[in-house]
Each structure stands twice: as structure tokens, then as C-alpha cells.
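Please read the structure below before turning to the comments.
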Amino acid sequence: MRYDFDKMTDRRGTGSLKWDVPERELPMWVADMDFETAPEVREALTRRVEHGIFGYNVVTRDWYEAYQGWWGQRHHLELEQEWLVFCTGVVPAISSAVRKLTTVGENVLVQTPVYNIFFNSIRNNGRNILESPLAYDGREYSIDFRDLEEKLANPQTTMMLLCNPHNPVGKIWDRETLGRIGELCARYHVLVLSDEIHCDLTDPGYEYVPFASVSDICRDNSVTCLAPTKAFNLAGLQTAAVMVPNPVIRHKLERGLNTDEVAEPNSFAIGAAVAAFQKGGAWLEELREYLARNKRFVRRFLEEKLPEIKAVPSQATYLLWLDCGGLTEDAGELAAFLRKDSGLYLTEGEEYGACGKRFLRLNTACPSARLQEGLERLEKSIGNWKGR
């Protein structure tokens, strides 16, 4: 391999949210990676630092071209420049959209289990969380369209937050499924906000489908959040884009982002995104292979040594959704035990909705040696759990 993903970079003492934990703990929770970003991105950042002046910044033309080139070549979606709006992050964009495009007291629909910060963006802005739980057959997830339509038909429901690909279950929604969602939302006058931040982290051989690419209906009734931050491990640089083809919706959203003061780039946000999308393709391909091997390793380990825990099949993200129903119906209690017993820090599934109560979320985006250590800690603690 051209790039070294086995390197054990020490992140302690760097102000890392993930690694700001006691020395004995091994964090495998929050969704960022323990890999250094692509050398091509670091080189661009180094050149910017060496310039030495960090005044106010604008969104340059090459930023638009980078997004257009990447989505056109990799995801078969031709973006118009005017569709793209800079934002300091996907979460700020979602919160701003909720504030600007819905009204206090209205329902915002989410498909649980789902990224827990969605709940904050809704609740903190005085809107109601309306859950349409995904159907789980004991192995895989799918959409319960009867429940979804019933809740979209509620006149108080005005926005749907779509996670595409889905976090935490790692599901890639196919074109037919997305088209059906788009038609229902248009029928009931519900705006779709599609969070597509994990789109470049599909397993080799799999492609995600941009919601806006499915049909004119989907394109004209949607806001899509895009970013290089998950794929290239750049979350701390606060760089993202909102893609809005509909000019009326786009005008409202631009006003919201500006009102919330999240529409101006810092000195590194533009250059890092441009370098990632224009020069980081080879690095990303090797990363995807490495992550796929890590996920396969976890599945084999569980099958051989911890058969009570099932990894839900996943085609995207570096996260694995672990069904702990063979051990307990309260994985939150299990997560607390793991952290106390062996220092392994996983995320309890109930954070993603009540239907996640028997699940844990595991982040596999780390060197294989660190992943093996985490699984060995898991095995040890599960033995202690069963021997209580």
C-alpha cells in the first residue's frame, strides 16, 4: 500500500474529543478516525500555514470546482455552482435549516435508530421529534413505509431528516427506496434534508446514491449536506457544503446560515476541501479497503469468540452496529460495565433512539493493532459480565 494506515499516532494531549479520556481507556466511540489525513491535504495545509497571514477568507472558485468534479466523477451527479453554499459544518447546517425552514411546534421526522445529534438540532430549536423507527428483522434494517407515510401525512410534519448512508446501521439506501421517500415527502409537503456526510465511506464495490440525483421531485424538494470531513478526517477544520437546487429554498437557507453566522470559512476550510477532493482520491481508495478489512475482522472475531453479539450487515461508514440482545436487553448497562471493567469505551445504542436500547456502536477506524486490542478487551469484559 502507498499509505500507512497501521501507524499508531498518539492523539492524547492534543485536545481530541475522542481521546480526552483517562489513560487506561481505549475510546472507540465518536465518529472520527485514528488515521492521519491524506498527505496531499497536509501539504496544502502546511503551505497555508507557511504563508503566515490568517485574515478573513472568501469561498474561492476552486472550492466549487472541487465539489463539482468530485460529485460528477464519483457520484454521477452534475452540480451547478449556484447550488452550493459553504457552511462551517453539517450539524450547523442542519440546525440552521430546522430554524429557518420549519416553525416552532412543528414535527421533524427522523428514522431511528439514527445519528443522535439530529435530536439536539430538533429539540433545541423548539420543534417536535417524530420518530419513524426502521424495521429490524433480527439481522437487517429496512423502511416501514406504512409508518413513514402515516407520519409524513400529519399536517404538523414539515421536514424529514434523512441519513444517507445511514448512521449508525451502515445502510446504503437504493434508488428505488429514495425515490419512494421523495414522492411521499412531496405528496405531503415535507421538505427532505439529506445528511450525506458518510457518502464516500462505502465498502469497495458499493456506491451510494445522492438523494437529489434520483428524480426531479427529489432534487427540487431537498437540501443536501456534503463534506470531506468524515472521509478525510477533517472534522476539526469546520468545512462543509449545503447543496440546494431549488432557488427559493436556497435563498431561505442562505439567509439562515448568514443569520446564524456559519457561512464564512476559516483560513484552512477551503484549501483542505479542495486538496481532499482534487488530490485525495488514491488515499481514499486505500482507506476504504483498509476499513473493509477492519470490519471483516470484527465480524470474524465476534462469530468465533463472542457469538452472542451480532454485527448488523453494513455497506457504508466505519461504524458497526452491534446487536447485544444475546447478552442483554440493556446495552447501556453493558457499555458502562465495559468501560469500568476494561476501559473499552463504546457508544450505547439508546443514544440513537429507544429502539437502539440493546445495541452498541463500535468505531473501527483505527490501526488494526488498536482494533484487535479493543476486541480483546471486549472479549475479556464479556467473560466478566457473564461471570458476575
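The values are calculated or read from the model by the stated rules, or taken from the named source; none is laboratory data. What you are looking at is a predicted structure, and each value in this text was computed from that prediction instead of being measured. Cβ coordinates were reconstructed from backbone atoms using ideal geometry, including for glycine residues, and neighbour counts include every protein chain displayed. Ligands, DNA and RNA are stripped out before the accessible areas are found, and what is left, the full protein with its side chains, is counted by its heavy atoms. Shrake-Rupley method; radii C 1.70, N 1.55, O 1.52, S 1.80 Å.
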TODO: Would you please put 128-136, 341-349, 14-22 in order of how densely packed they are, using the mean number of other Cβ atoms within 10 angstrom per residue and starting with the highest?
DONE: 341-349, 128-136, 14-22
Open item on the list: Which of the three applies to the stretch 261-302, rounded, prolate or oblate, going by the alpha-carbon gyration tensor with a ≥ b ≥ c and a/c under 1.5 meaning rounded?
Closed with: oblate
Open item on the list: Given a 1.4 angstrom probe, I'd like the percentage of the accessible area of the stretch 79-185 that is carbon and sulfur, rounded to a whole number.
Closed with: 43 percent
- [ ] Please calculate how many Å² of accessible area the stretch 261-325 carries per residue, with a 1.4 Å probe and no DNA, RNA or ligand atoms counted.
- [x] 36 Å²
Task: Length added when fully stretched, Glu376-Arg300, from 0.36 nm per residue minus Cα-Cα - done: 26.1 nm
Open item on the list: Given the options Trp70, Ala135, Gly205, identify the residue whose Cα lies farthest towards the positive end of the charge dipole of the chain (+1 on Cβ of Lys, Arg; -1 on Cβ of Asp, Glu).
Closed with: Ala135
TODO: Using a 1.4 angstrom probe on heavy atoms only, work out the carbon and sulfur share of the accessible area of the stretch 226-311 in %.
DONE: 48 percent
- [ ] Provide the per residue accessible area, probe 1.4 Å, for the stretch 1-87, rounded to a whole number of square angstrom.
- [x] 59 Å²
Open item on the list: Once you order the gyration tensor axes a ≥ b ≥ c over the Cα atoms, which shape class does the stretch 150-266 get: rounded for a/c under 1.5, otherwise prolate or oblate by comparing a/b with b/c?
Closed with: oblate
- [ ] Extending each Cα 7 Å along its Cβ direction at Arg139 and Asp260, get the distance between those two points in nm, one decimal.
- [x] 4.0 nm
TODO: Restricting things to alpha carbons, find the Rg to Rh ratio for the stretch 12-135 using the Kirkwood radius for Rh.
DONE: 1.03
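Around Cys225, under 10 Å between beta carbons, what's the net of Lys plus Arg minus Asp minus Glu among the other residues?
-2
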Open item on the list: Test of the criteria: in the stretch 48-114, which chymotrypsin sites (Phe, Trp or Tyr not before Pro) are in a DSSP loop and have at most 13 other Cβ atoms within 10 angstrom of their Cβ?
Closed with: Phe54, Tyr56
Task: Mean separation of Cα contacts under 8 Å (6+ apart) over length of the chain, as relative contact order % - done: 24 percent
TODO: Quick one, can you get me the convex hull of the C-alpha atoms of the stretch 283-375 expressed as volume per residue in Å³?
DONE: 97 Å³
Task: Net charge of neighbours whose Cβ lies under 10 Å from the Cβ of Ile117, counting Lys and Arg as +1 and Asp and Glu as -1 - done: -2
Task: Average accessible surface area per residue within the stretch 89-146, 1.4 Å rolling probe, Å² - done: 41 Å²
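Which of the peptides 351-357, 143-149 is most tightly packed, and how do the rest follow, judged by the mean count of other Cβ atoms within 10 Å per residue?
On the way: 351-357: 19.7, 143-149: 15.7.
Put in order of decreasing packing, that is 351-357, 143-149.
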Open item on the list: Here are labelled values, (i) 69, 47, 36; (ii) 60, 51, 39; (iii) 61, 56, 36, and one is the computed Cα extents along the principal axes in Å for what I pasted. Which one?
Closed with: (iii)
TODO: Only loop residues by DSSP count here, and only those with at most 10 other Cβ atoms within 10 Å; note down the GluC sites (Glu not before Pro) in the stretch 17-75 that meet that.
DONE: Glu23
Task: Mean residue ellipticity (222 nm) of the chain, computed from DSSP H runs ≥ 4 via -39,500 (n - 2.57), nearest 500 - done: -12500 deg cm²/dmol
